[in-house]
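A.B. asks: I have a structure here, written as structure tokens, and I will follow up with some questions on it.
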Amino acid sequence: MFCPKCGTQNEYGKFCRKCGTNLSGVSQAIGEPLPDEINHSGTATPARIGQARGGITVGFFSQAAIANDFKDLADHKAMAVFGNVKVDLTGAPLPPGETHISAYSLFGDIEIFVPDNVGVRITGFSSLAELKLRGEKVGKGFFDVNEYRSDNYETAARRLHVEVASLLSAIKIRR
């Protein structure tokens, strides 16, 4: 469906991936149901048939956002090139075990919102970049090969592994 406000094509979700407009009224008007549940087990429910894990969200000279309200974001990739991307993982509980996402930025910013009880592991590299986990700077900033684990990573039932590649940009993992 296309967003009535900005015209962006949206394949899933309750909100427009570009401008955030609530699309539930559009879905009802055209008779297309919105997903009503998330199934993190990997099996498709009727609302999720055809929606594979993974995917990509790109902020290319623009802003983009995605949330896990209606889509399992395991193996998702967020890319910011002269733009900004927000990834919200607080809408539905992450599945038990480790969830992997990738964050790639070049002259852009990526914000990842994670619940407090989720352990976070960061791997990858960053150069002339700001990399923060819950407000604390991770790495030196000039050139870093990152391998960082939050204090609760080993004991957390739900863990997030973020693979980063960042140049002249910022990646922030927040609550």
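The values are calculated or read from the model by the stated rules, or taken from the named source; none is laboratory data. Owing to the predicted nature of the structure, the values given are computational and were not obtained by experimental measurement. Neighbour counts are summed over all protein chains in view; Cβ atoms, including those assigned to glycine, are modelled from backbone coordinates with ideal geometry. For accessibility, only protein heavy atoms count, side chains too; no ligands or nucleic acids. Shrake-Rupley method; radii C 1.70, N 1.55, O 1.52, S 1.80 Å.
A.B. asks: Working carefully through the options GLU154, GLU130, GLU163, find the one that is among the acidic types (Asp, Glu), closer than 25 Å to ALA64 by Cβ and modelled with pLDDT of 90 or more.
C.D. replies: Going through GLU154, GLU130, GLU163 in turn, the sole match is GLU163.
A.B. asks: Test of understanding: among PHE107, PHE82, PHE125, which residue is open to solvent by 10 Å² or more (accessible area, probe 1.4 Å), modelled with pLDDT of 90 or more and in contact with an Asp or Glu (Cβ under 9 Å, 6 or more places away or on another chain)?
C.D. replies: PHE125
A.B. asks: Taking ASP69 and the conditions (1) modelled with pLDDT of 95 or more; (2) closer than 20 Å to THR21 by Cβ, which numbered condition does it fall short on, given that it satisfies the others?
C.D. replies: ASP69 satisfies every listed condition except (1).
A.B. asks: Follow-up. So, of the residues in the range 110-120 that are open to solvent by 10 Å² or more (accessible area, probe 1.4 Å) and at pLDDT 95 or above, which turns out to be nearest to ALA170 (Cα to Cα)?
C.D. replies: Restricting to residues being open to solvent by 10 Å² or more (accessible area, probe 1.4 Å) and at pLDDT 95 or above, the top hit is GLU111.
A.B. asks: Which members of the range 120-175 meet the condition of being among the polar types (S, T, N, Q) and closer than 21 Å to GLY97 by Cβ?
C.D. replies: Correct list: THR123, SER150, ASN152, THR155.
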